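Below is one structure, written out as structure tokens; comments come after it.
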Amino acid sequence: MRGDTLWRTLFSGLLLLSSAVQANNAGLASQIEAFWQANDYAAAKALLAPLVTKQSKDAQLLALLGRTEAGLQQMERAEELLAKAVKYDANNADYQHWYATASCNLAASASMFSALGYAKRCKKAYQTALKLAPANPRSYIALGSFLAQAPGIAGGDKAQALALAQQLKQLDEVQGWLLQLRLTEFSDDAAFVQFLAEAKPLQQRPEAYFQRAMQLTAQEHYPAAIALLQQAIQQAAVDDDAKASIAESHYQLARCAVLGKTAISEGIAAMQHYLQHEPEADRLDWAKFRLAQLYLLSDQTAKAKAITQPLLASTNDDKLKAELKKLL
């Protein structure tokens, strides 16, 4: 369930890691990129859709529309368009990257038989994107993440992923360490401390503290997880990766406070901060629900009801509705 538990499927985020589109129609591409930056994929589609037909062979138009459909979470349509784009222009790293990412997203929700086909296409396209853009950190991050997450039968290989992380450190030390972090499972606190001692570029960033906190959350060690999330929040938001990790740390701190019934006031403050910074629509309702739970845990019943009653009437999330009814 994306709305509440940690949903950081890297492949969706990788759609955003694209270099400037090298377009034949620079004006159109600039307009579309502006819509993407504004998260207005509907406007981008409205502009592009009339220009693309079943007979279209313009790789640029097909790719731009495919990337836009992916932004609208229409992954099947996105992959279909992007497959055509790479057919007509196989040497464009952006198109290969977008095609791979759409295929990976489909693999995550497909049946076993279909997932293997999607994963095969995903890996091949990421490998192609890396060959076409060997100086672009994105290519290492994408392929390394696939290799780490995919099962062996689908082409996964953690040793190869770690090798890519080492190569990436030569191009971008921070991104290389971040990739290695994503590939690392800490067996205990000592292993985490040792990793952080070696990963000097990550010591004043939030991601390592956040990742260790999530591992502790899975083990239901909520006080220790909260302490690490507080450390994550205290780090500087030096770039988009750090900003995203800090924002998620606020959310997860509040969630840990609910699950562990501890640090309630800190959880309330964290979720209030999270809600003030305009979370994604699919997280908003769950964030409000968690805040209501925290209010109940702190005997602020009126504040809780002011959230739960309107939320029950407005949400379309059946699981959330069931949880809300337990509170009312």
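Straight-distance candidates among the aspartates and glutamates for linking to K54, with alpha-carbon spacing under 19 Å and chain neighbours fewer than 8 residues away dropped: E69, E76, E79, E80, D89. Ordered by the number of other Cβ atoms lying within 10 Å of each residue's own Cβ, fewest first, D285, D318 fall into the sequence D318, D285. Taking 17 Å as the straight-line reach from the Cα of K321, the aspartates and glutamates in range (excluding those fewer than 8 positions away in the same chain) are D4, D282, D285.
Summary of the geometry: the stretch 155-173 and the stretch 93-128, compared by the centres of their Cα atoms, lie 19 Å apart. Charged neighbours of A242, selected by a Cβ distance under 12 Å, balance to -3 (K, R count +1; D, E count -1).
Relative contact order, whole percent, for the chain stands at 10, derived from Cα pairs under 8 Å and 6 or more residues apart.
For the cross-link pairs K124/K169; K87/K319; K169/K243, the ones whose C-alpha atoms lie over 31 Å apart are K87/K319. Build a GNM of the chain with springs between Cα atoms under 10 Å apart, and of A244, A107, A190 the one that fluctuates most is A190.
Here the residues R77, R138, ranked from fewest to most Cβ neighbours within 10 Å of their Cβ, fall in the order R77, R138. Couplings 3J(HN,Hα) of the stretch 272-287, computed from phi: 4, 4, 4, 5, 6, 10, 6, x, 4, 4, 6, 9, 4, 5, 5, 4 Hz, in residue order, whole Hz [Karplus 6.51 cos²θ - 1.76 cosθ + 1.60, θ = phi - 60°; x for Gly and Pro].
Only the coordinates and a few stated rules stand behind these numbers; no lab work does. Note that this is a predicted model, so its numbers are computed, not measured. Positions of Cβ are backbone-derived with ideal geometry, glycine not excepted, and every protein chain shown enters the neighbour counts.
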